[in-house]
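Here is the structure we will look at.
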Amino acid sequence: DGCIKAVGQADDIRNQFSEATFERIIDCSGKCVLPGLVDAHTHPVWAGDRVHEFAMKLAGATYMEIHQAGGGIHFTVEHTRKATEDELFTAFQRRLERMLRAGSTLVECKSGYGLNLETELKMLRVMERARKSMDIGISSTYCGAHAVPKGKTATEATDDIINNHLPKLKELNLSGEIHVNNIDVFCEKGVFDLESTRRILQAGKDIGLQINFHGDELHPMKSAELGAELGARAVSHLEEVSDEGIVAMARAKCAAVLLPTTAYMLRLKQPQARKMLEEGVIVALGSDFNPNAYCFSMPMVMHLACVNMKMSMNEALAAATINAAYALGKSDTHGSLEVGKQGDLLVINSSRWEHLIYQFGGHEALINYVIVKGKVVYENERCETMSSY
C-alpha cells in the first residue's frame, strides 16, 4: 500500500521479515536513508522567463520598483494568460521532475499568475493533471490574491475573489474536477492590506481551505498576528515579523515557512529563525521557486538556512521534512520515517546524512535513490561509480 511497514535496527528487521519475499532489495551499506524532502512554498506554474530582471536587481533595482515598472508578477501574468494549458503543463512537469531529482517528494504549488478566474483555474487544472499523472506529491494552493490586477483596486479585486473565484472553486472541488488544499494572499503594503487579506482568508476558510499565506515580507503588516487569530496553518516569509507576531504564532501552533532564497536573492534581511525557534514556533522551509527566485533544490535551501539564518543542520532537516509537512497539514502521513506513514524516502550516497546540507549544490551526486510510496521513482547511476567525498 506504499506505506512504511517497519523501522528499526537492521537485525530486528531481518528477523521480523525473515519469511517475507520482496520485489526488490536495495543495498544501503555505507549510505543513509532519510525522509523525502518537503518543499512548503513554490510558484511553479508559469510562462515567460524573467532572467532579464535578475540583471536589473543586480544593478540595484528593488522588488517593488520592478513590480511598479510592469515587471515582476505582472510580466509573468501577461505571459501565463497567453500560454495554453498544455504549454503550462509541459513546463510544470519538467520543473517537478527537477525538484524530485533534488529530493523533494511533496511540494506545495501555488496558482497566482492569472489574477483572473479563467487563468487561475487553468493553473489549478495544470496542477490537477500533474497530481494524477506524476509520482511527486502536490499540495495545491489558490493564490488569486497574489497581486492586484491591472485596472482594479485592491477592494475590487477582493470582492471579485470572494464573490466569483471562491464559489467556483468550491463547486469544482465538490465535483472532484480539481483539488485545492490551501488559500493564499500576498499581504503587503501596496498589494493587499490587512483587512482585504482577512476577508479573503476567512472566505477561503469558510469553504474548507487551509490558510497558508504570504506575510510580513517587505513591510511589517501584523500578518503573523492575523494568521494566529484566524487559525492559519502557516504564514510564509516573515522577514519583517514583529516580536508579538512570533509569540502569537507559537501559541497558535501556526507554522512559519521561511524562504532563505528570497532574502538571499532580493538582498533582504533574513527572517529571525533563531528567535522563532527559541519562542517555540514550528519552523518550516520552502524554496519559493518562482521566476524571481529560481531554485529547485531543498538541499541548497537547507544550506542557506544554516549559514544565513543560523539554523543547525538538525533544525534545517526537520524544517524541510516533518515541519514542512505540518505546514501543509500532512505531518500525519509525510515528513518522517515512521510505521504507517507514506514510504517517501531518499537514499544518500554517504555514511553521514549531513553531506546533503554540507555540500552546497552537491545533491546531484549525493542523492542515490528517490522513493515515493515505496516505489523507486529516480535512480542516480552516477552514485554507483563515484564516492560522494
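The values are calculated or read from the model by the stated rules, or taken from the named source; none is laboratory data. In this text, all values refer to a predicted model and were calculated from it rather than measured experimentally. Cβ sites come from the backbone with ideal geometry, for glycine too, and all protein chains shown count toward neighbours. When the accessible area is computed, the model is the full protein with side chains, heavy atoms only, and any ligands, DNA or RNA have been set aside. Shrake-Rupley method; radii C 1.70, N 1.55, O 1.52, S 1.80 Å.
Quick check, is Arg131 touching a strand residue (DSSP E or B) at 6+ places or on another chain (Cβ under 7 Å), in a helix (DSSP H, G or I) and either closer than 30 Å to Met302 by Cα or not charged (D, E, K, R) (or both)?
So Arg131 passes the test.
Name the residue that is most open to solvent (accessible area, probe 1.4 Å), counting only residues in region 174-191 that are within 19 Å of Lys110 (Cα to Cα) and more than 21 Å from the chain's Cα centre (by Cα).
In this case the residue turns out to be Glu177.
Considering only region 1-29, state which residues are surrounded by fewer than 11 Cβ atoms within 10 Å (Cβ to Cβ) and among the β-branched types (Val, Ile, Thr).
Residues satisfying the conditions are Thr21, Ile25.
Check whether at least one residue in region 326-341 is without any contact (Cβ under 8 Å) to a residue 40 or more places away in the chain and part of a helix (DSSP H, G or I), and report yes or no.
Within region 326-341, not a single residue is without any contact (Cβ under 8 Å) to a residue 40 or more places away in the chain and part of a helix (DSSP H, G or I).
Which condition number in (1) out of contact with any Leu (no Cβ under 7 Å at 6 or more places or on another chain); (2) closer than 29 Å to Ser140 by Cβ; (3) at pLDDT 95 or above; (4) open to solvent by 40 Å² or more (accessible area, probe 1.4 Å) is the one that Ala327 fails?
The number of the failed condition is (4).
If we keep just the residues of region 30-71 that are over 15 Å from Asn292 (Cβ atoms) and part of a loop (DSSP other than H, G, I, E, B), which is most open to solvent (accessible area, probe 1.4 Å)?
Ala59
Just a yes or no: is a residue in region 141-151 part of a helix (DSSP H, G or I) and in contact (Cβ under 8 Å) with a residue 60 or more places away in the chain?
Looking for residues that are part of a helix (DSSP H, G or I) and in contact (Cβ under 8 Å) with a residue 60 or more places away in the chain, one finds none in region 141-151, hence no.
Mind checking whether some residue in region 98-107 is in the same structural domain as Pro167 (by the TED database) and surrounded by fewer than 18 Cβ atoms within 10 Å (Cβ to Cβ)?
Yes: one or more hits.
Report, by residue number, each residue of region 339-389 that is hydroxyl-bearing (Ser, Thr, Tyr) and surrounded by 17 or more Cβ atoms within 10 Å (Cβ to Cβ).
Across region 339-389, the qualifying residues are Ser350, Tyr369, Tyr378, Ser388.
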